[in-house]
Amino acid sequence: MVLENPKSININQKTHNVMKEKVQKKASSNTVYGLGIIGALIYYISNATSFWMGVLGILKAIVWPAFLVYELLKYVGAS
């Protein structure tokens, strides 16, 4: 039977708590991104006029934040 050093148990617990906090903080942004993908899929597929436009819509739905940031930077005049 191997006994662990009490200090290492305390460090492992602290590491676990820090990782748990990071995961919880990222959960809300993942939810927003997921809902954005679903909304973009519905929008692009409902406006598709052919099969290939639907496929392109699926790809656009995955990378919609890039379009958003590009248009935002264009709007504010960033070079």
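What follows draws every value from the coordinates through simple rules; no lab data is involved. These figures come from a predicted structure and were not determined experimentally. Cβ sites come from the backbone with ideal geometry, for glycine too, and all protein chains shown count toward neighbours.
Give the order of Leu73, Leu41 when sorted by the count of other beta carbons within 10 angstrom, beginning with the fewest.
Lowest to highest Cβ neighbour count: Leu73, Leu41.
On full extension of the chain, what length is gained from Glu21 through Val69, given 0.36 nm per residue of separation minus the C-alpha to C-alpha distance?
Extending this stretch completely gives an extra 14.5 nm.
How would you rank Tyr75, Tyr44, Tyr70, going from fewest to most other Cβ atoms within 10 Å of each one's own Cβ?
In increasing order of surrounding Cβ atoms, one gets Tyr75, Tyr70, Tyr44.
Principal axes first, then extents: for the Cα atoms of region 35-79, list largest minus smallest coordinate on each axis, whole Å, largest first.
For region 35-79, the Cα extents along the three principal axes come out at 36, 21, 13 Å.
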